[in-house]
């Protein structure tokens, strides 16, 4: 028979011919109809849980058809032709206290398919009758189940795991249930819960998994726990920075429209629905108004995005009354504008010690995770990234404190060898967290320290950090046709890495200044097709000139551009 064999740790499976096993004892001989690939299989094949059982046939969750029933297996009542499910555990003693209390996984003699004995990635295998689960008799003539075997196989490990948790939860009728994770286990839990009539809220950091869950189960609510709102703000920050510092005389075109659309996306239910649940289980409140009290992560972050957008483009759309409609859910919508966000920010500052609310404690140190009703908090899990970020962010308002903070951070977290080469020290686990996908990398430390170094003119350190970024394999940097891409980090970190590379000395002070008179009254590039031309530079230095640099898009071709506020007798040079 054919089987997938993993010969050594970390090696791929190869298809080989091996003998059909002979059933002994209480084992059934079964023909495998469908077997699922689980993360557990991949972990076993990697050798992380041991190597002494290689070579092995993986696979531990499957549905099979009974082919042979030995005499010792007859007491379990299986018949040839039965469709049976096959969970992970097998070979129990059936005599110990664990077995008699149906906690078979604690049996000292327990074995696992695909680990201690050949698994289900084969045409035939042996299956312990004591562990087999009858799905249906006479599978071959049961038309209703034909073709469903692939859907059934994951139930016999992942599905059992989820169901056990739901059973132990002892859910009441019509309760709301939160499912953390929209992967295989999460989607099985969602399937069970929606079928049973529960209201389901699914949380995940991967938007594509939430979308798949929403498509399969339209009635569920989804929350991206990686905080889409922060990623949207970061997109505006970096686009506005590029617009303000490098292309201030490019207004009304694709770069401005991109910023405006992202701000509008921030206001949608898919982004802001988190606040409803934050109020319910974080504050024990049904007042979902998202601006007036406490929510600095909306007021400050969104207001900064709007302020930077207005500074870069001169467009004050979002300062008009009721320009923003913040949608919490279908029944709760709140009208605001940049002015009301600023008023809420100042109002909360005025009643908060040291003007800090509500993410920081009264001692002035940052605590990333804190319970609103109880005051309980986790210890500070972020060191270097937090210090470097603060040293940069404070540059415009508190330049002396900003420089002091950078000096402390540089001393505490950067070291130099005898050749003055830069490396990091005292890095916390939280510093390695990618806040956009909860993955692991040094991107957060790289971007925050590079931005801080550039803010304070520490050019040699900035140059070396840039080299560290380019050489870090975990970021998975690629460059093609002039485009640099970091496959190993989230969109959040892609944007922040770009922002750190674009940053200039005293960047925040320069960033927050209004457009110069020359830029405002001078000629400007108003429109160009993004697919055909990329704007690298657009600036008026005197109010009578405009310096524009364009690069071709996907291919070199002729295209039209629109330039406004041209002056008579202006000379054009290409």
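Just so you know, all these numbers are worked out from the coordinates, no wet-lab data involved. Keep in mind that what you see is a predicted model, and the values were worked out from it rather than measured. With ideal geometry, Cβ positions are generated from the backbone for all residues, glycine too; neighbour counts draw on all protein chains shown.
Details
- Here the contact order of region 2-156, divided by its residue count and restricted to Cα pairs under 8 Å and six or more residues apart, works out to 30 percent.
- Tilt relative to the chain, helix 384-393 - C-alpha long axis, 0 to 90 degrees, to 10: 30
- Degrees separating the helix 254-266 axis from the principal Cα axis of the chain, which is the longest one: 50
- Value of Rg/Rh across region 205-283 [Cα atoms, Kirkwood radius]: 1.10
- Of interest is the spacing of the C-alpha centroids, which for region 255-321 and region 494-572 amounts to 28 Å.
- Relative contact order of region 229-367, pairs being alpha-carbon contacts under 8 Å that are 6 or more residues apart, as %: 25
- Cα gyration tensor shape of region 61-125, rounded if a/c is under 1.5, else prolate or oblate by comparing a/b with b/c: oblate
- Footprinting exposure proxy for 280, 498 (fewest neighbouring C-beta atoms within 10 Å first): 280, 498
- With R₀ set to 56 Å, the beta-carbon distance separating residue 473 from residue 72 gives a calculated FRET efficiency near 0.55.
- In degrees, nearest ten, helix 459-471 long axis to first principal axis of the chain (Cα): 30
- Nearest-0.05 FRET efficiency for residue 17 and residue 167, computed from C-beta distance (R0 35 Å): 0.25
- CD proxy at 222 nm, helix term only [per DSSP H run n ≥ 4: -39500 (n - 2.57); per residue of the chain; nearest 500]: -10000 deg cm²/dmol
- Compared with the alpha-carbon gap, the fully stretched path from residue 352 to residue 315 is longer by 10.1 nm at 0.36 nm per residue.
- Given in Å, the Rg to one decimal and the Dmax to the nearest whole number for the Cα atoms of the chain are 30.3, 103.
- Packing-based exposure ordering (other Cβ within 10 Å, fewest first) of 418, 227, 391: 418, 227, 391
- Efficiency of FRET between residue 48 and residue 537 - r from beta-carbon atoms, R0 60 angstrom, step 0.05: 0.75
- Cα gyration tensor shape of region 517-564, rounded if a/c is under 1.5, else prolate or oblate by comparing a/b with b/c: prolate
- Relative contact order, percent, the chain [alpha-carbon distance under 8 Å, six or more residues apart]: 10
- Stretchable slack from residue 79 to residue 176, in nm (0.36 nm times residue separation minus alpha-carbon distance): 30.7 nm
- Diffusion coefficient, µm² s⁻¹, Stokes-Einstein with Kirkwood Rh over alpha-carbon pairs of region 1-142 at 4 °C and 1.567 mPa s: 84
- Label separation (residue 407 vs residue 106): 6.0 nm, computed from points 7 Å beyond Cα along the C-beta direction.
- Cα gyration tensor, region 161-224 - rounded (a/c under 1.5), prolate or oblate: prolate
- Length gained on full extension, residue 150 to residue 517: 125.4 nm, using 0.36 nm per residue less the C-alpha separation.
- Beta bridges from DSSP with both residues in the chain: antiparallel share about 80 percent, rounded to the nearest 5.
- Evaluated over the Cα positions of region 381-515, the convex hull gives a direction-averaged projected area, one quarter of its surface, of 9.0 nm².
- Where labels lie 7 Å past Cα in the beta-carbon direction, separation of residue 425 and residue 556 in nm: 5.2
- Sorted by Cβ neighbour density within 10 Å, fewest at the top, the residues 387, 297: 297, 387
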